[in-house]
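Throughout, read-outs are computed from the coordinates displayed, never taken from laboratory work. The shown structure was predicted, so the numbers you read here are calculated from the model rather than taken from an experiment. Methodologically, a virtual Cβ is constructed for each residue, glycine included, from the backbone with ideal geometry; neighbour enumeration extends over all protein chains shown.
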Amino acid sequence: MSRKLLLLAALALAACTQGIDREALVTRNNPHLDAVDPLASFSVGNGEFAYTADVTGLQTFPEHYSLGVPLGTQSQWGWHAFPNTEEYTFDEVLRSYDFGRGHEELYACQFSGPTREHGASEYFRINPHRLHLGIVGFAGLALEDVTDIDQTLDMWNGVLHSSFSAKGAPVTVETSCDPDRDMVAAKVSTPARLPVILRFPYPTGQHADDACNWFADEKHDTEIISADEHCAVIRRTLDETVYYVKLSWENASAPEKVARNVVQITPDADEWSFTVLFSPLMPNLDALDAAASQEASIAYWNGFWQKGGAVDFSRCTDPRAAELERRVVLSQYLLAIQCAGSTPPQETGLTYNSWYGKYHLEMTWWHEAHFALWGHEDLLARTLPWYEQAQWVARDIAERQGFEGIRWMKMTDPSAIEAPSNVGSFLIWQQPHLIYMAELLYRANHSKEVLEQYYDLVQQSAAFMADFATYDAENDRYILKGCIPAQETLSASTTVNPPFELSYWHFGLSVAQKWRERMGEKRVAAWDDIIKKMSKLASKDGLYLAAESAPDTYQNVRYTSDHMAVLAAEGVLPKTKQMEDELMKNTFDWVYDNWNWDQTWGWDFPTTCMNAVRVGEPEKAINAILMDQRTNTYLPNGHNYQNARLRCYLPGNGGLMAAVALMCAGYDGCKVKNPGFPKNGQWKVRWEGIKPMP
């Protein structure tokens, strides 16, 4: 071979083996707008705090976006409760059930009718609720005043760049979030010298909205309590809730209160900047610099993208590849700013309230498990310590229901008090999540510190699982009953042996035993007996059922709508001894061809994809993850749209990231490279920094 051909071959080999150009990967997926779109607001944040802006780079038109992706300013600590004027107690929402386990079980339920119990259950569902901390936007602009829009979210640097004309005058705004503070920073340039106002709402207490009640000024108060030439501190008082806002500025006049709950700051130069810090504690008067905060943001985001996992679809020729890459990159960004804080995330993150701003622990895996798979286990490690604080409430739940260990609640808030629910209180599939996520943390670096930190929580979570499983002496097996499964169309009173939960009990108890061995402890013999004798997944006519108690699964629309949880039994989870390959493959094929896909949620598509990967159907895995359904829509800002109520649904984004990790890196024992992508020459997917699933 000639030297020229050798050189060309060497260059070709280098091109094939060089690492992914991560900056190019991220920046080619930066979202861009040239018109107002209420479903395409952009957020900056740090996991603890997020600020969502409209086309002006600030929150100038919150009312116009309220039914789109709202302009939220939310934190992990910002919560409020309406006064408990009726002096309701939590005991009033408890209802006794007998599921044939030999003891009374008390569940936190919703009551109907004009009863005191109904009032109590509504109070504890609504309270506490997450706060919108305050709108920060330009004053004196109408939507029609804004033209020549040119806005780009620079995800590589964590900076939102916005250019537009305001009544004919050019305006540029650079918006960022400090990586270490609950603070938004803005640099503004315009000869119009537009004032900025801070508008503070009262909470609405509604199930799902932007949490802004603009018609209750008399119920809260805003005071400027201290100020100097570059900084002012504002105190907010809402019933028993108090928090603070520190406003710092360059090239502007001191802020003034222009209404009971409105503060205005006016620039005195064409180029000026400001920061707005939100805090539960009284801040000092040291001014904070917008430029320095932006530099910190750039450093943080550059570091974020340069470590951990990356997937490059640029060499793929399938026409769907670019869209999948867009969804992956935008989901990485959104999940890092919305779902990586000190408490579990709500399903709409820090953008707007759903379910009163509370979080659902059965969704925590979907929000955050991917962090450990994608090399950002430090972000998962921010949240899991909350379970250490919440365990005492979880122990009380298990005790009042007559079980050992700790029972993790479904819908809650930082206090860990469970929200009353006729569905959520009976769910159990959140129970092993802590075990799974702690195992992912351990697998990330085999840290003894992780074992020591979460050992007791893993063991106590497993203790409940073991006690909850009921021994069926007639058939010498263990069954699960008295629960509502992940497929919530089934009832607690009649459901026996839902398939995902059966598999999750097997997996969770098996991992808990491994943790005992790693810590030099003996295995629990009773747990091994349960693992050995856990019921097999029920089947009929060659298909796995929605539950053993649902033999008419495939003739009943009730059982073929909502979540296809049967596929999660081998997809989210590894295959267990309870399963047969042929039955699972048959079940996948039936679900894929016949499910009521218009009755699904955003994480159902990754669920189907993950099952497809594990049963060896990569073409269908791609089809599932990109299926053309309303609840699998990804907006220009990357949010997974569900319906008019849930315009953001971050479990869909997190599920997507977990599924793509499985498609690339596979799972324990997988011998196929890129097992989730067809081997047809059209999916030349390159990836790095991703770990296999169990």
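What to note about this one:
- Considering helices alone, the calculated mean residue ellipticity of the chain at 222 nm is -10000 deg cm²/dmol, with DSSP H runs of length four and up weighted by -39500 (n - 2.57) and normalised per residue.
- Restricting the stretch 235-339 to GluC sites (Glu not before Pro) in coil, as DSSP defines it, with at most 16 other Cβ within 10 Å: 240
- A Cβ-based charge dipole, computed about the Cα centre of the stretch 6-135 with Lys and Arg at +1 and Asp and Glu at -1, lands at about 460 debye.
- Cα pair distances in the stretch 330-428, grouped into 10 Å bins until the bin that holds the longest one, percent each: 16, 47, 30, 8, 0
- Fraction of C-alpha pairs exceeding 52 angstrom in the chain: 12 percent, rounded to a whole number.
- Note on the stretch 40-147: Rg/Rh from C-alpha atoms, Kirkwood Rh, equals 1.20.
- The ellipsoid equivalent to the alpha-carbon distribution of the stretch 579-633 has semi-axes of 19, 12, 9 angstrom, derived from the gyration tensor eigenvalues as √(5λ) and listed largest first.
- Given in Å, the Rg to one decimal and the Dmax to the nearest whole number for the Cα atoms of the stretch 175-280 are 14.5, 43.
- About its Cα centre, the stretch 352-510 has a charge dipole of approximately 240 debye under the convention of +1 per Lys or Arg Cβ and -1 per Asp or Glu Cβ, with nothing else charged.
- Equivalent-ellipsoid semi-axes of the stretch 470-525, from the Cα gyration tensor, Å, largest first: 27, 15, 7
- Percent of alpha-carbon pairs separated by more than 16 Å within the stretch 428-480: 50 percent
- Taking the chain and dividing mean pair separation by its residue count, relative contact order in percent (alpha carbons under 8 Å, at least six apart): 13 percent
- Around the amide H of residue 427, modelled in the peptide plane, lie the amide H atoms of 484, all under 5 Å away and 5 or more residues distant in sequence or on another chain.
- Computed on the Cα atoms alone, the convex hull of the stretch 119-246 gives a volume of 168 cubic angstrom per residue.
- With a simple spin-label model that places each label point 7 Å from the Cα along the Cα-to-Cβ direction, the separation between residue 517 and residue 561 comes to 4.5 nm.
- Backbone N under 20 Å from the residue 679 label point (7 Å along Cα→Cβ), restricted to the stretch 303-341: 316-318
- Remark: spin-label model distance residue 628-residue 494 equals 3.7 nm, labels positioned 7 Å along the Cα→Cβ axis.
- Using the Cβ-Cβ distance between residue 260 and residue 302 with R0 set to 51 Å, the FRET efficiency from 1/(1 + (r/R0)^6) comes to roughly 0.75.
- Compactness index (Cα Rg / 2.2 N^0.38 Å), the stretch 63-116: 1.88
- Near residue 601, once Lys and Arg are set to +1 and Asp and Glu to -1 for all other residues with Cβ below 13 Å from its Cβ, the sum equals -4.
- Neighbourhood net charge (13 Å Cβ-Cβ; Lys/Arg +1, Asp/Glu -1) for residue 519: +1
- Pairs from 514/575; 575/679; 532/671; 575/671 whose Cα-Cα separation, in the structure shown, is over 20 Å: 575/679; 532/671
- The modelled label-to-label distance for the pair residue 229/residue 525, using points 7 Å beyond Cα in the direction of Cβ, is 8.0 nm.
- For the stretch 206-249, the mean projected area of the C-alpha convex hull, equal to one quarter of the hull surface, is 4.2 nm².
- Expressed in units of 2.2 N^0.38 Å, where N is the residue count, the Cα radius of gyration of the stretch 567-694 is 1.04.
- Part-to-part distance (alpha-carbon centres) for the stretch 549-580 and the stretch 437-475, which is given in Å: 24 Å
- Cut-off 16 Å (backbone N to label point 7 Å along Cα→Cβ of residue 598), residues of the stretch 556-574: 557-558, 560-562
- Solvent-free Debye scattering, log10 I(q)/I(0), computed from the Cα coordinates of the stretch 469-615 at q = 0.20, 0.21 Å⁻¹: -1.23, -1.32
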